[in-house]
Each structure stands twice: as structure tokens, then as C-alpha cells.
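Presented below is the structure to which this report refers.
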Amino acid sequence: MISDVLPGSPACRAKIKAGETLLSINGHRIHDVLDYRFYMTERRLLLEIESGEKRRRLRLQKGEYEELGLEFATYLMDRQHSCKNKCIFCFVDQTPPGMRESLYFKDDDERLSFLFGSYITLTNLCEEEVERILKMHISPINVSVHTMNPELRIKMMKNPSAGRVLSYLRKMADAGISINAQLVLCPGINDGEELCYSLDQLFTLRPALRSVAAVPVGLTRYREGLCPLRGYTPEEAREVISCIDRYAARWEQECGERVVYPSDEFFLLAGLPLPGPDYYGDYPQLENGVGLCTLLEDEFNDALETAPAAIPPRAVSCATGAAAFPLIERLAARAMAQVKGLTVRVYRIENDFWGHSVTVAGLITGQDLTGQLKGKPLGEELLIPQTMLRHERDRFLDDMTLLKAQLLLSLPIKTVENDGYALLESMLGAPLLAEPE
């Protein structure tokens, strides 16, 4: 059903109204946003519209790829597909009771992979949907692979279809669909020889395979009744990095690209320094925490080249998770050493809510933030990473609003995107005059 028609659009000129239903475009039935966006690109369109019990056909012309001008109640034009798996490492299953309903929803929707870059397991796809992906050349597709061993994948995901659907990867690769893969690694389960097997199999998907990210399993303190899992020891994390680097070197030699990367968290767990920018190329897996810290530090160092030598006295504070704390503390020290008048205090927030094994800033709750900072010298403003808040940027995971956190701490809180220039500008309280050439 059409919820709105944009003024001046081709649909508006054709006198399509909100409340009517779009049935087809050029004879193609419209089921969801992928159908709509694929078939609306042509210049000449024949629309079938339903209003009540009446149907009508409209012919219209527009520019190629020009927006038709229809809006719908949801961005998918359909219900979101939920996950059919019961993965042994699922983070949603480790969420405590009493949270908002959206935190318990497990999405596994190929349309979100195309629209927003989210990862899918392929177990929700039937042959018809795979054929639609190939026909529309929906690319790239982001896939939560975890293992290329069909039997092990069934065991890890507790879905009898989990092994069979791995064949879809070959179909997509043969059709030229670009693939980004992620492997959530669990100690003693899909690392070691199984990791080697998965990487060998994934390499056969080149050149369609664009990148592979390996991330360690995330464990909270809410695992009662779930599959017994543990985190990585420093030695085990170093073994994973060593394995991945061997494959990456081989792939780079054979096809000119590194392709496979361990996440930043593996380096932190291993107690190893993070690699430099050259290690990550064009940063193909930032959304999986691969190179985030290196990119932030590199941008921050560039930004410092344009920073003023002195500013009027300004004191601020930064709060972040345990994983990023050493980096943010190091960057703050550099800023204070270069800019006279600037004071930045950096606070490490332990995750009492989910458990101390959860160290990423994006899972810090409002109650942990305010509880641990109450009474601390915070200066005139508190800076927090944007990832601490949900997409609407108005509240934390525990539903504490940003406004309430500000009232509890009695100072303004500014959210900062993961960008070195934005971080330095927020510390300074003013934009930088120019970027370095």
C-alpha cells in the first residue's frame, strides 16, 4: 500500500494517490522494495494500481533511474524476515529479560543486506529468491558464513538447511555477485584446521569474494542453559591472527589482494599492536570492526596537523569501552601535548550490564555510563561514541535517554562519529580550519 506520493514526482503527475496499492510494474508483480526499485528504473512504465475493489492501469514516462515518487509504510514494503537459526553463539540469546522488544528480534533478511549492508546466513533463501538476486544482480551480498564445512555449519547454527545453502555462494560467485563474508570464531570449534578449510574453500569463490572478516565470539554473562562456550586466550588469538596472515599473504601473492582480515578485537585479545593503514587496504570490513581503530588513529593524526597551537582553556571528558580505552587515551594525550589550553580526561567504562567480557563501546548502557562517571571530574562536556546510542540517537540499549543521562551527570553529552577529524574537533569544541593537503 502506498503511504505517500512525493509532490512533483512522476507518480504525482500520474495522479496516483496515497492509500492505493501498487500491484505491478511492466507486468512484474511487486512484492517488496527490491522488486520496486529494480523495475521502476525504466523510462516507460505500465503500472497496475488497485483502489478498493477497482483496478486501473497507468502509463507514464520518466527519466531513467529517476525516482518514481512513491513511499510506503515500511522501507521493505513487507514484513522483515526473522532468523530461522539457533546459532550456538547468538548474541540475542544472551540478552537479559526485560529489555525493549526490538532487541530480541533476530533479522536475517537479504533485502537489508542489499540496502544497509547487514549480514545474512542464506538459510532464509529459497531457490526462487536466489534466482531473483542473480536476475537483479543484487551486489554485494554480505554473508555470515562461520564455516564452509556443511556438517559443522549445521551443528553451529542448529538448522538442517545450513549446510545445503552454502551452494548458493557458488551460484552467486558464478553470476558475478560480489560477496563479503564473516566468520564468527569459537575456540576449538571452527578455528584451527576448520578455519584453514573454510579459507581454502572461500578462496575458490574469487574473484567474486571481496573480503573475509574473522571476529571472536561475543559472550555475555547471560548464558544460562546455552551451549558452553568460552572466549579466546591471548595465545589462541595470536594463533588465529597467524593463520589468517598466512592465507592473506598467499592470496595477495596469487591475486594481488589481501582479502581476509582478523578484527581489531583479535589483536587486542592477543596483546599485539594494531597494524598500520597499509594492512587494511581500502578497509572493506569496517562494519565488522576490522581496522576501525587504525583508521581512527590515522585520521586523528592527520587532523592534528591542522590543529591550533593554543585555545582558550577547555576541559572535556571522553568515555568509551574497555577495548578502545588505550587508543582514546593515547589520542587525547597527543592532542593535549600539541594544543595548549586543552584538557581531556578519558574514562574506561566497564560493562557491568552485559559482563566484563563485553568490551566494545557500542554495548555500553546508560546506567553503566552514568553510574561509573557520577561524581568524576568531567569538564564542560562529555564525549561518547555515536555507537553507544541506537540509530535514532536518542537512547542507550537499556532505554535510558540521552537527555536523562545528561541530567544525571549535570552536563552536556555530545555523540561523536567514528572519525578522527570529528573526534579532534569535538575535543577542541571548534571546527578545524583546513585539512592537510
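Summing +1 for each Lys or Arg and -1 for each Asp or Glu, what net charge is found among the other residues whose Cβ lies under 12 Å from the Cβ of GLU239? Don't skip to the answer; put the middle values down first.
On the way: positive: ARG238, ARG246; negative: ASP191, GLU193, GLU235, GLU236, ASP245.
Surrounding charge for GLU239 is -3.
Would you mind computing, in nm to one decimal, how far apart the modelled labels at GLU71 and ASP302 are, each placed 7 Å from Cα along Cα→Cβ?
It works out to 3.5 nm between the two label points.
Which Cys residues of the chain have no other Cys Cβ less than 4.7 Å away and so no disulfide-compatible partner by this rule?
So, CYS12, CYS83, CYS126, CYS186, CYS196, CYS227, CYS243, CYS255, CYS293, CYS318.
Taking a probe of 1.4 Å, how large is the accessible area per residue of the chain, in Å²?
Counting only protein heavy atoms, the per-residue value for the chain is 48 Å².
So how much slack lies between ALA310 and LEU407, counting 0.36 nm per residue of separation and subtracting their Cα-Cα distance, in nm?
31.8 nm
Using C-alpha positions alone, give me the convex hull volume of the chain per residue in cubic angstrom. Don't skip to the answer; put the middle values down first.
Values: hull volume 82.0 nm³, N = 437.
Dividing the Cα hull volume of the chain by its residues yields 188 Å³.
How much of the DSSP beta bridge set in the chain is antiparallel, as a percent to the nearest 5?
Around 40 percent antiparallel, to the nearest 5.
Given just the C-alpha atoms of region 325-437, how large is their convex hull per residue in cubic angstrom?
117
Relative contact order for the chain using alpha-carbon pairs under 8 Å, separation at least 6, rounded to a whole percent?
10
So what's region 357-408 giving for Rg/Rh, alpha carbon basis, Kirkwood Rh from the mean inverse pair distance?
0.94
Amide H of CYS318 versus every other amide H placed in the peptide plane: which residues, excluding those fewer than 5 positions away on the same chain, fall under 5 Å?
For CYS318, the qualifying residues are ARG345, VAL346, TYR347, LEU383.
Starting from the 7 Å offset along Cα-to-Cβ, what nm value, one decimal, do you get for the label separation of ARG348 and GLU53?
Computed distance between label sites ARG348 and GLU53 equals 7.2 nm.
Taking only Cα atoms of region 231-319, what ratio of Rg to Rh do you get with Rh as the Kirkwood inverse-distance radius?
Computed over Cα atoms, the ratio is 1.11.
The values are calculated or read from the model by the stated rules, or taken from the named source; none is laboratory data. This one's a predicted model, so the numbers in the text were calculated from it and none came from an experiment. So basically every Cβ, Gly included, is an ideal-geometry build from the backbone, and we count neighbours across all protein chains shown. Ligands, DNA and RNA are excluded from the accessible area calculation, which covers all protein heavy atoms including side chains. Shrake-Rupley method; radii C 1.70, N 1.55, O 1.52, S 1.80 Å.
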